[in-house]
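Q: This is the structure I want to talk about, given as structure tokens.
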Amino acid sequence: MAFSILYWANYTAGTKKLSRKSEIAVHSDHVLRFIYDQEASYVRGVVQASMRDRSYNVTISLGTNYNVENSTCECVNGQDKCHHKASLLLYGYKNVSKTDVRQSWVKNPKSVPPRQTKTMEDLFPAADRFVNYRLASS
Ligand SMILES: [Zn+2]
């Protein structure tokens with residue numbers, strides 16, 4: 001199931017500033033981290049502040065009828081509506097694929113250790129010697 005645009009639409013309803021600011025934030029890649037736990041109806045993420053060189057942790061509990069039940073943000077407006085929360089909801093709509101599994105995205109690939117490719121020789125370095133040893137001793 002995809003992440004409905006209605007969460008964002010409901011959250012930003014009546015506040016042009018909120019919808020506009022969150023659109024800019026998503027467009028500017030300010031959503032640094034996004035985790036959607038569909039079973040728990042829970043969204044968590046990190047959103048970069050628009051001006052300052054910092055980012056905020058954001059959590060959102062999704063309620064019924066595409067409404068936000070509970071939410072927190074580390075910014076000064078964190079107890080109220082803020083565009084960081086709206087940005088997460090919009091990001092979810094744009095990025096959650098139509099699968100049922102838990103999805104998470106990490107924006108910065110540098111934080112992910114490089115996948116190591118192993119050759120057969122790396123995995124079994126002593127294989128040849130082992131065979132030779134057995135032949136010699138029999
Ligand atoms: Zn905020």
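Derivation of every value follows stated rules applied to the coordinates shown; laboratory data play no part. Since the structure is predicted, the reported quantities are computational estimates derived from the model, not experimental observations. Here the Cβ is made from the backbone with ideal geometry for all residues, glycine too, and neighbour counts use every protein chain on show.
Q: Would you confirm whether or not the stretch 5-14 contains a residue that is without any contact (Cβ under 8 Å) to a residue 40 or more places away in the chain, assigned to a loop (DSSP other than H, G, I, E, B), within 16 Å of the ligand (Cβ to nearest atom) and among the polar types (S, T, N, Q)?
A: Checking the stretch 5-14: not a single residue is without any contact (Cβ under 8 Å) to a residue 40 or more places away in the chain, assigned to a loop (DSSP other than H, G, I, E, B), within 16 Å of the ligand (Cβ to nearest atom) and among the polar types (S, T, N, Q).
Q: Also, I was wondering about something else. Considering the stretch 31-53 alone, what residues qualify as being of a type in the set (Asp, Glu) and touching a strand residue (DSSP E or B) at 6+ places or on another chain (Cβ under 7 Å)?
A: none
Q: Still on this model: With respect to Cys82, determine if the residue is within 16 Å of the chain's Cα centre (by Cα) and farther than 20 Å from Ala2 by Cβ.
A: No.
Q: What do you reckon, is Val58 touching a helix residue (DSSP H, G or I) at 6+ places or on another chain (Cβ under 6 Å), near the ligand (Cβ under 10 Å from one of its atoms) and at negative phi?
A: yes
Q: Does the stretch 10-23 include one or more residues that are loosely packed, with under 15 Cβ neighbours inside 10 Å and under 19 Å from the mean Cα position of the chain (by Cα)?
A: no
Q: Every residue in the stretch 15-29 that is in a loop (DSSP other than H, G, I, E, B) and of a type outside the set (D, E, K, R), please.
A: Matches in the stretch 15-29: Thr15, Ser28.
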